[in-house]
1. Which cross-chain or sequence-distant (5 or more) residues have an amide H under 5 Å from the amide H of Gly59, H modelled 1.01 Å from N in plane?
2. Cross-link partners among lysines for Lys104, C-alpha distance below 28 Å, same-chain residues fewer than 8 apart left out?
3. Provide the packing ranking of 141-152, 53-64, i.e. peptides ordered by the mean count of other C-beta atoms within 10 Å per residue, highest first.
4. Mind listing the phi-derived Karplus ³J(HN,Hα) values for region 30-42, rounded to whole Hz, using 6.51, -1.76 and 1.60 with θ = phi - 60°, and x for any glycine or proline?
5. Any idea how far apart Asp120 and Thr89 come out in nm if each label point goes 7 Å out from Cα toward Cβ?
6. So if I place +1 on the C-beta of Lys and Arg and -1 on the C-beta of Asp and Glu, and nothing else carries charge, what would the dipole magnitude of region 5-119 be about its Cα centre? I want it in debye, nearest 20.
7. If you project the alpha carbons of region 74-144 onto the principal axes, what extent comes out on each, in Å, largest first?
8. Could you line up His117, His215 from fewest to most neighbouring Cβ atoms inside 10 Å?
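What follows is calculated from the coordinates using simple rules that are stated; it is not laboratory data. Worth saying up front: this structure is predicted, and the values here are computed from it rather than measured. Here Cβ is always computed from backbone atoms with ideal geometry, including for glycine, and neighbour counts include all displayed protein chains.
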Amino acid sequence: MSEATFILETGVTPMQTADLSVLAQELSQTHHCHTVILYGSRAHDTYTDASDIDVVCFGSQVVEVSDARFWQGYWLDAWIYPETKALDTEQFLHLHQGQVLCQKDDFGTRLLAEVAHILDTPPPPTPPDVWQHRRVWLSKTLARIERGDPEAWYRRHWLLADLLEVHMTLQHQRFLGFKRTMQWLADNDPHTHALFVALYSREPDFEQLTSICQHILQISADRHSPQRPVGFLAPPIPNLIECLRLSESEMSDWE
């Protein structure tokens, strides 16, 4: 097999190209990687001064490890994998539209092509049990956060962090991170996009959380209720207002 080839034409500015070339060589030498792929905002040219450098590295005989540190004025977030890990392309969909900084035998180019091919095809439907579980989790979590105690605040932030991904799961769509998912919503569901923009623009009150959760549950039931396999019996999801009246012991039935 040939030596790793370092690629300078990354589509970013010359100064950044030089920095990234140095980084790719350093990571290749430190972790014995033959391929380094830049992904995220710096690959997509949507970065800010606070953005980190996201890279994934592959080698033929490496130990799976992360390399997070401050590097030449930037936060580095590097993930090192044995090359066999790339056989499961679904794990690397976040590399879409990434930039190959160095590679061996077109390893990075082929992986990015496989990622693009997967994302060009519709995602498989969410399994019925997973779809049902997400809806139940949404209902019971919303019911529990109204109490106002420390656990309720913990669950409130948990709901805020996971709600966008839960919504995409219920819509049988892929979650590809906050920025790209919000762009997908802006293009395909402006109303829901506006609700999430409002939700994440400030600390939401309980009524706002209730409203968007009701919206998500309603449109998932209207548009995307999956066909149940024979023998699959899902418990009914309690009405959100009824959930708010359930006792803690009653809610334990929804764990």
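1. Residues meeting the criterion, in which the H sits 1.01 Å from N, are His34, Tyr81, Glu83.
2. Once the sequence-local lysines are set aside, what remains near Lys104 is Lys85.
3. Result, highest mean Cβ count within 10 Å first: 53-64, 141-152.
4. 3J(HN,Hα) across region 30-42, in whole Hz: 5, 10, 6, 9, 9, 9, 10, 10, 7, 9, x, 5, 6.
5. According to this spin-label approximation, the distance is 1.0 nm.
6. 120 debye
7. Projected onto the principal axes, the Cα atoms of region 74-144 cover 52, 33, 21 Å.
8. Ordered by Cβ neighbours within 10 Å, fewest first: His117, His215.
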